[in-house]
Amino acid sequence: MNNKAIGVFDSGMGGLTCLKELNKLIPNENIIYFGDTARIPYGTRSRETIIEYANQDITFIKKHDVKMIIAACGTVSSVIGSGGEAAGDIPFTGVLLPTAQTACSRTRNGKIGVIGTAATIKSGSYGKAIRGIRPDVTVIGNSCPLFVPLVENGFTGRDDPVTKLVVEKYLAPIKQEGVDTLILGCTHYPILKDAIADYMGDSVTIISSGEEVAKYAYNLLMSSEMLSDSEEKGTNTYYTSDSVELFEENAHAFLGDTINGKVYKVSLDELY
């Protein structure tokens, strides 16, 4: 058993969808969360900048003596893969492989759609991962650069006309291809799941990367006998590189409840 905390990081708030699932699956685990809200979005940055930011985020998380690190960020996962060299000997995972595995097991017609940031789609990482599991599958991807700003600014309602218009704009090419499975390749996107599902229709299975990586982490910790043996409910501790007040205000949209833990400000100087 291992009673150290699990470390989770994201470019902003989206990784809270992973944290929420971890709280459900393993409620007695302590979690350290870092949201780099001062430098969001990562998805419009160069590959070199994304790697630099990811390494800084991992180094910060490691300061808290965690037993596992989760890159709950589709952009980071697509660029650095499952490597996470900065994590050293600490178990590390991104969202990419767990999500691809689930999509391959769920598709019926062999057509999988992937939506993500520009950097995620440009990398072609999901296509490579999926075809490595099932070479017969066709992958149709599209970047959705306005989705993260929509979520971060509260435009998330399924009936919001702005949200519906943007969802249709980005998903029309994927829907026309007849996919039966759609990967939400950014952990912000589950907040728009209702609007996305309404447009795609009941015949399309929606796969959330945050949910899948939480399941993967649970299975890894269990098989490695690294789950906490505490009988008490675990604590969540949050760090943000921007306003604590804004983090607390926006977190409820991702957690579905008020934030359950203390939030601390991290200066960018601490990351560089």
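The values are calculated or read from the model by the stated rules, or taken from the named source; none is laboratory data. Bear in mind that the values here come from a model prediction, so they are computed numbers and not experimental data. Cβ placement follows ideal geometry from the backbone for every residue including glycine, while neighbour counts extend to all protein chains displayed. These accessible areas exclude ligands, DNA and RNA; they are computed on the full protein's heavy atoms, side chains included. Shrake-Rupley method; radii C 1.70, N 1.55, O 1.52, S 1.80 Å.
Return the residues of segment 16-34 that are of a type in the set (D, E, K, R) and in contact with a Leu (Cβ under 6 Å, 6 or more places away or on another chain); say none if nothing qualifies. Break it down stepwise before answering.
The first filter runs over segment 16-34 and keeps only residues of a type in the set (D, E, K, R), leaving 20-21, 24, 29.
Matches in segment 16-34: LYS20 only.
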It is to be established whether one or more residues within segment 81-89 are in contact with a Ser or Thr (Cβ under 6 Å, 6 or more places away or on another chain) and closer than 30 Å to VAL137 by Cα. no
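Take LEU246 and tell me if it is among the hydrophobic types (A, V, I, L, M, F, W, C) and surrounded by fewer than 16 Cβ atoms within 10 Å (Cβ to Cβ). Steps first, answer last, please.
Working: among the hydrophobic types (A, V, I, L, M, F, W, C): yes; surrounded by fewer than 16 Cβ atoms within 10 Å (Cβ to Cβ): yes.
Judged against the criteria, LEU246 is a match.
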Let me spell it out: the conditions are (1) of a type in the set (D, E, K, R); (2) modelled with pLDDT of 95 or more; (3) surrounded by fewer than 24 Cβ atoms within 10 Å (Cβ to Cβ), and ARG47 meets all of them except one. Which number is the exception? (2)
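Can you confirm whether segment 87-94 contains a residue that is among the hydrophobic types (A, V, I, L, M, F, W, C), in contact with a His (Cβ under 9 Å, 6 or more places away or on another chain) and open to solvent by less than 10 Å² (accessible area, probe 1.4 Å)? Quick ask: steps written out before the conclusion?
To start, the set of residues in segment 87-94 that are among the hydrophobic types (A, V, I, L, M, F, W, C) comprises 87, 90, 92.
With in contact with a His (Cβ under 9 Å, 6 or more places away or on another chain) added as a condition, the list becomes none.
For segment 87-94, residues among the hydrophobic types (A, V, I, L, M, F, W, C), in contact with a His (Cβ under 9 Å, 6 or more places away or on another chain) and open to solvent by less than 10 Å² (accessible area, probe 1.4 Å): absent.
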Return a yes/no flag: does segment 32-44 have any residue that is β-branched (Val, Ile, Thr), open to solvent by 10 Å² or more (accessible area, probe 1.4 Å), in a strand (DSSP E or B) and under 19 Å from ILE259 (Cα atoms). yes
Restricting attention to segment 68-84, which residues are touching a residue at least 12 places away in the same chain (Cβ under 8 Å), open to solvent by 10 Å² or more (accessible area, probe 1.4 Å) and either part of a loop (DSSP other than H, G, I, E, B) or over 17 Å from THR187 (Cα atoms) (or both)? GLY81, SER82
Residue check: is VAL79 in contact with a helix residue (DSSP H, G or I) (Cβ under 6 Å, 6 or more places away or on another chain) and at pLDDT below 95? yes
Name every residue in segment 155-185 that is in contact with a helix residue (DSSP H, G or I) (Cβ under 7 Å, 6 or more places away or on another chain) and not in a strand (DSSP E or B), in order of residue number. PHE155, THR156, GLY157, ARG158, THR163, LYS164, VAL166, VAL167, GLU168, LEU171, LYS175, GLY185
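Table: residues versus (1) open to solvent by less than 80 Å² (accessible area, probe 1.4 Å); (2) more than 22 Å from PHE60 (Cβ to Cβ); (3) within 21 Å of the chain's Cα centre (by Cα).
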{"position": "SER223", "(1), (2), (3)": "no, yes, no"}
{"position": "GLU232", "(1), (2), (3)": "no, yes, no"}
{"position": "TYR238", "(1), (2), (3)": "yes, no, yes"}
{"position": "ASP242", "(1), (2), (3)": "yes, no, yes"}
{"position": "ALA251", "(1), (2), (3)": "yes, no, yes"}
{"position": "PHE254", "(1), (2), (3)": "yes, no, yes"}
{"position": "THR258", "(1), (2), (3)": "no, yes, yes"}
{"position": "GLY261", "(1), (2), (3)": "yes, no, yes"}
{"position": "LEU268", "(1), (2), (3)": "yes, no, no"}
With TYR199, TYR218, TYR170 as the choices, which residue is under 30 Å from GLY7 (Cβ atoms) and among the aromatic types (Phe, Trp, Tyr)? TYR218
Among the residues of segment 130-186, how many are open to solvent by 20 Å² or more (accessible area, probe 1.4 Å) and among the aromatic types (Phe, Trp, Tyr)? 2
Of all residues in segment 198-252, how many are of a type outside the set (Asp, Glu), farther than 29 Å from LYS169 by Cα and in a loop (DSSP other than H, G, I, E, B)? 10
